[in-house]
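Just below is one structure, and these are the notes that go with it.
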Amino acid sequence: MSEVVTYQREGAVGVITVNYPPVNALGHAVRSGLLAALEQGQQDAEAKALLLVCEGRTFIAGADIREFGKPMQEPGLPSVVETFERSDKPIIAAIHGTALGGGLEMALGCHYRVALDSAKVGLPEVKLGLLPGAGGTQRLPRLAGAQVSLDMITSGNFVSADEALQNGIVDAVESGSDVKAVGLAFARKVIDEGKPVRRVRDLNDKVDAEKGSDIFDQYRAGLQKKARGLFSPFKCVDAVEAAFQLPFADGMKRERELFMECMESPQRAGLVHAFFAEREVSKVPGLAKDTPVRDVNSVGIIGAGTMGGGIAMNFANVGIPVRLLEVKQEALDKGLAIIRRNYENTARKGRITQAQVEERMALIQPTLSYDDFADVDLVIEAVFENMGVKKDIFGTLDKVCKPGAILASNTSTLDIDEIASATRRPQDVVGMHFFSPANVMKLLENVCGSQTADDVKATVMAVAKRIKKVGVLVGNCYGFVGNRMLHQRGAEATKLVNEGASPQQVDKVLTDLGFPMGQFAMSDLAGIDVGYRIREERRKAGEDVPASWMDKLAEEGRLGQKTQAGVYLYEEGSRKPVVDPKVDALIAEFRKEQGIEPREISDQEILERCMYVMINEGAKILEEGIAARALDVDIVWIYGYGFPAYRGGPMFWADQVGVKEIYDTVKRFHDTLGGDQWKPAALLERLASEGKTFGSL
Ligand code: 3H9
């Protein structure tokens, strides 16, 4: 028997224990170990019932995702589950931690389930572009009915032990922390009361009662919006529906077919890449795992605007006290009122209690004086993008903050080293770039200056985790990883419109690719004045920044959503962009002034120019070491800019398209369109010539 699964008897109960850290995933050794242990239990005449239980932090958390895409080694999970279900001795699963995916499916193959009250269960396969493929779509409906099964399987959300009990997914919930003791007690009860072997496959009441229900079509209609562009949620509905249309064995066959379709889809590959990339970003190459971290038990934030307020909420949400500084009382009051309004809205939706609103507000202490920053562990500056102002602030922080305090800037583009030069402690200075709205967006781009100390890098990455963000450590350059690439896409999109595309055509190409919004809808959200001000500053500094139809919008006071007009129009209270013929006229006038004869531009050209310019910049970012790995770039884009996770991020997507294809096109654009942005990155050229991918780096 494999050492990851053991069999041992306790009284009349044969105990099958899985011990495969970190999460008892159902790798090949576990699957074959389970069968061997079951066999032993069957042959053990003294064992009247069997208990399936796990060591470590959790019950089985699913199939071993690392095995996906490789040839499957027998035994497959569906047959392991089925073998357990067929057992003549009753089998009880005792659940702690999270019983997920194939883990919950294993438990559903057992005859009874008991869970600790702290446990959660779920079928999150959909988040990996899959559907439950070991009977979950056929067994869960037999216990919980159509609605609960569809909700769980298409969302992938976990449910608590209590909810699982209410829905018939588990048979009992017990308090305490000793899952084996709880399982043994339940098993003894089964033996003492002579409870029968209860196979979920045979429980047909619920599926018979809802046969022919129209819930499936309703569900599909709802998913059109919620799961736009996704493949597997719709397959999940098909699979669950099969449980209501077909006998169990045929339903299982249908589930397998649909599962294999999902397994082979590029979306599965993209989502699995995103799953591991999200976990890899926290392991920073060159930063030792045991790098000490500094204590962060209090935070000072400068600026109570949209950004500063959102950042403050992140800390208050996890119980870390914040001092929020503004120069004027009025701005402070306004900022606090907005924070309160945000919390009240969340409370109204039932996601937090009114008491939590008050607790969190109490953690955010307003101040007008830098003296109140004397003892904070971390300061985050979140004022507008102006180097002079930022340097003044950091000069002040250098004077008032205690030694060892981390001094961070939320700048989205500016040079961290220059900001650090305003202090006598550049080793303590770092960028912490939050994304708007800062209390919602999951990305935290942590930017290292050339002198940032290792323990400061490790600390800001740990802070990201603590405030439930995905932290990515990047190097210092204009715009860092995310905005540097976005800047190239924005410039190219604007040029495409100069040449003849419409803003809505460009945006549609991007939303069709899976972005939640296009380039120009995003400009309206951020504010047209933001880019305008940057261009004007650069012009003042003597740079050659070409005129743009976007400048005309700003000059007409069309600043985006906040003025209900930008590239698009917005109705009062709505964020839905509406095409405005006036903008078409403004663009036409601009082209005339510039002597541009508009031409028809294909969607393919838009896709290539908007995306490949980003990939080329991403390759430059990698060769300069601004991002350590392609997966860091991917995570920045998935969590900071809504890049569709099912495409795995821009660099993963580039590998799917083909590095050679991208290199050839970039080179062609360089020859025809010119411009530094199209100069092929040396790395792109090298990978293309060696037939390698970004993932291979
Ligand atoms: C499935 O079951 C298909 C079946 O229906 C059909 C089959 C035929 N495999 O997240 P963490 C690793 S699909 C391999 O940091 P947490 C993870 O990479 C699967 N490895 O911890 C990390 O490694 P490292 C359905 C896995 O406490 C370490 O474990 N199941 C797996 O924040 C710790 O992970 C899922 O989708 C896995 N299944 O959260 C569950 N899971 O330390 C996916 C984790 O080297 N997992 N690892 O970076 C999760 O949601 C979370 O990991 C979990 C723990 C909630 C379990």
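The values are calculated or read from the model by the stated rules, or taken from the named source; none is laboratory data. Everything quoted here is computed from the prediction, not taken from an experiment. Here the Cβ is made from the backbone with ideal geometry for all residues, glycine too, and neighbour counts use every protein chain on show. All accessible areas refer to the heavy atoms of the entire protein, side chains included, with ligands and DNA or RNA removed. Shrake-Rupley method; radii C 1.70, N 1.55, O 1.52, S 1.80 Å.
Computed values, structure above
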item: Extension gain, LYS253 back to ILE191 (0.36 nm per residue minus Cα-Cα distance, nm); result: 18.9 nm
item: Rounded tilt (10° steps) of 215-226 against the dominant C-alpha axis of the chain; result: 30
item: Student exercise, the stretch 5-264 dipole from Lys, Arg, Asp, Glu Cβ charges, in Debye to nearest 20; result: 280
item: Distant-in-sequence amide H partners of LEU324 (H built 1.01 Å from N, under 5 Å); result: ILE301, GLN365, THR367
item: D (Stokes-Einstein, µm²/s), Kirkwood Cα radius, the stretch 538-644, 1.306 mPa s at 10 °C; result: 92
item: Förster radius 60 Å - calculated FRET efficiency between GLU597 and SER213, Cβ distance, rounded to 0.05; result: 0.55
item: Å² of accessible area per residue within the stretch 5-264, as computed with a 1.4 Å probe and no ligands counted; result: 40
item: Alpha carbon convex hull of the chain, volume per residue in cubic angstrom; result: 179
item: Inter-site label distance for LYS225 and LEU203 at 7 Å from Cα along Cβ, in nm; result: 3.4
item: MRE, 222 nm, helices only [DSSP H, n ≥ 4, -39500 (n - 2.57), over the chain, to nearest 500]; result: -15500 deg cm²/dmol
item: Nearest-0.05 FRET efficiency for ARG279 and SER118, computed from C-beta distance (R0 25 Å); result: 0.60
item: The chain - charge dipole about Cα centre, Lys and Arg +1 at Cβ, Asp and Glu -1, debye rounded to 20; result: 600
item: Furthest towards positive pole of dipole, SER696, ILE621, VAL447, structure part the chain, Cβ charges; result: VAL447
item: Dipole magnitude of the stretch 299-475, debye to nearest 20 (Cβ charges: Lys/Arg +1, Asp/Glu -1, about Cα centre); result: 720
item: Where a label projected 7 Å from the Cα of ARG539 along Cα→Cβ would reach, residues of the stretch 582-612 with amide N under 16 Å; result: 590-591, 593-594
item: Accessible area expressed per residue, the stretch 548-697, with surrounding protein chains retained (probe 1.4 Å, Å²); result: 46
item: Residue-by-residue Karplus 3J(HN,Hα) for the stretch 292-301, coefficients 6.51, -1.76, 1.60, Hz, glycine and proline x; result: x, 10, 7, 5, 10, 10, 7, 9, x, 10
item: Heavy-atom accessible surface of the chain: percent carbon and sulfur, 1.4 Å; result: 51
item: Residue-normalised accessible area of the stretch 299-475, expressed per residue, 1.4 Å probe, Å²; result: 41
item: Ranked by how many other beta carbons lie within 10 Å on average, peptides 620-629, 230-239, 279-288 from highest; result: 230-239, 620-629, 279-288
item: Spin-label pair THR83/VAL578, simplified geometry with 7 Å Cα→Cβ offset, distance in nm; result: 6.4
item: Stretch gain in nm, segment THR291-ALA12, where the contour uses 0.36 nm per residue and the Cα spacing is subtracted; result: 95.5 nm
item: Cα pair distances in the stretch 5-264, grouped into 5 Å bins until the bin that holds the longest one, percent each; result: 1, 7, 14, 19, 20, 17, 12, 6, 3, 1, 0, 0
item: Semi-axes of the equivalent ellipsoid for the stretch 502-600, Cα gyration tensor, largest first, Å; result: 22, 17, 14
item: Cα long-axis angle, helix 630-641 against the chain (0 to 90 degrees, to the nearest 10); result: 80
item: Neighbour cut-off at most 13 other Cβ (10 Å), DSSP loop, trypsin sites (Lys or Arg not before Pro), the stretch 530-575; result: ARG575
item: Cα-based radius of gyration of the stretch 299-475 once divided by 2.2 N^0.38 Å, which approximates compact folds; result: 0.97
item: Sequence of GLU690, GLU600 from largest to smallest accessible area, 1.4 Å probe; result: GLU600, GLU690
item: The stretch 1-74: GluC sites (Glu not before Pro) in DSSP loop, at most 10 other beta carbons within 10 Å; result: GLU3, GLU46
item: Between 0 and 90°, nearest 10: helix 454-466 axis offset from the chain longest Cα axis; result: 60
item: Violating pairs (Cα-Cα greater than 29 angstrom) within the set LYS552/LYS660; LYS391/LYS457; LYS180/LYS465; LYS127/LYS468; LYS89/LYS180; LYS283/LYS620; result: LYS552/LYS660; LYS180/LYS465
item: Listed residue (ALA63, LEU673, ALA355) projecting farthest to the positive dipole end of the chain, Cβ model; result: ALA355
item: Listed peptides 207-215, 635-643, 253-261, 92-100 by packing density, highest first (mean Cβ within 10 Å); result: 92-100, 635-643, 253-261, 207-215
item: Which of GLY270, GLY194, SER298, positive extreme of dipole for the stretch 193-313 (C-beta unit charges); result: SER298
item: For the stretch 375-430 versus the stretch 614-655, the gap between their alpha-carbon centres in whole angstrom; result: 28
item: Range of Cα positions in the stretch 169-225 per principal axis (Å), largest first; result: 47, 27, 13
item: Built amide H within the under 5 Å cut-off of ALA49, gap 5+; result: GLY14
item: Cα centroid of the stretch 83-126 to Cα centroid of the stretch 445-488, whole Å; result: 40
item: Nearest-0.05 FRET efficiency for GLN245 and GLU589, computed from C-beta distance (R0 56 Å); result: 0.40
item: Neighbourhood net charge (14 Å Cβ-Cβ; Lys/Arg +1, Asp/Glu -1) for LYS334; result: 0
item: Inter-label distance for LYS70 and MET260, nm, one decimal - labels placed 7 Å from Cα along Cα-to-Cβ; result: 2.1
item: Candidates per trypsin sites (Lys or Arg not before Pro) in the stretch 342-425, loop by DSSP, up to 14 other Cβ within 10 Å; result: LYS349, ARG351, ARG424
item: Full-extension gain in nm, SER689 to ARG424, via 0.36 nm per residue minus C-alpha separation; result: 90.7 nm
